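Here is the structure we will look at.
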Amino acid sequence: MDQMTSQHPSQPHTSVVLCLSSPEMQEEGVPNRRHGHNLLVPALQVDLWQPGGVSQISQGTVTDVHVPHNGSQTLLTFLQEANIEYKILIEDLQKVLEKGSSLPAWRSRRSLSGYNYEVYHSLEEIQNWMHHLNKTHSGLIHMFSIGKSYEGRSLYVLKALLTYRSDPTMRKMLNHLYFYIMPVFNVDGYHFSWTNDRFWRKTRSRNSRFRCRGVDANRNWRVKWCDVSSGSSMDWAYKNGIPYTFAFELRDTGHFGFLLPETLIRPTCTETMLAVKNITMHLLKKCP
């Protein structure tokens, strides 16, 4: 459980990220859904970073919230008066964003042959890289489109064709299974996060019944609607006859939140690939 601190954000700040521990569920000060927003105190809107939804918050849950600067003091005062333990993870989110975006100009002009897997790329760069791979390594992968997004962008997928020669585990996996890789699923939302709102996580679709744009692309599938964890992509897969489905929660569950440094891309990929390989080998034994 995080230690209590009386540290307050100094001026001027655009927004603050807090990690707090939920007390016993009481009517006042507990997250609710007033007007469709996540609220911790009356009239204070916050951006919930962790967990994934208000329904997942219970006694003892560690919760990360992003608070606009003009509401941070109100929230901190409330947390202290309510004796809720908290810790400031990021004092000035804008500074962290600016530090992350102060990248050398060569990044946007680097050659496709020297594509760097340890930096973040725009949607255009990713798709150009996919086209380049498809053209230069047509014997290894096949690229195709499965349709268009809401805003008309192509949804590209890569299919692995050949096996690995050096890694026996990968060779066995590719000899027995087809691997389809979709680097960017929410193409509209991802593009918007580069051009307009760094923390945009939804799609960009419109619904005439609602004023807000987009939905959570992982939790709005037409299956098991209104269950506690309903409508996820895994629910959809189960319903459509896919018996083994898995979803990975990638880093970071700690200090960085949605601002994962590029230095952590490699270890994140390494541990995720290890999980994929172990799960796949287990399934191959179960379903030879």
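Any read-out appearing in this document is the output of simple, stated calculations on the displayed coordinates, not a laboratory observation. Keep in mind that this is a model prediction, so the values were computed, not measured. Every residue, glycine among them, receives a Cβ derived from its backbone with ideal geometry; neighbour counts consider all protein chains shown.
If the limit is 29 Å between Cα atoms, which of K148/K286; K239/K285; K159/K286; K148/K239 go over it?
K148/K286
Compute the signed sum of charges (Lys and Arg +1, Asp and Glu -1) over the other residues within less than 12 Å, Cβ to Cβ, of L264.
-2
Ranked highest first by the average count of other Cβ atoms within 10 Å around their residues, in what order do 207-215, 120-128, 168-176 fall?
120-128, 168-176, 207-215
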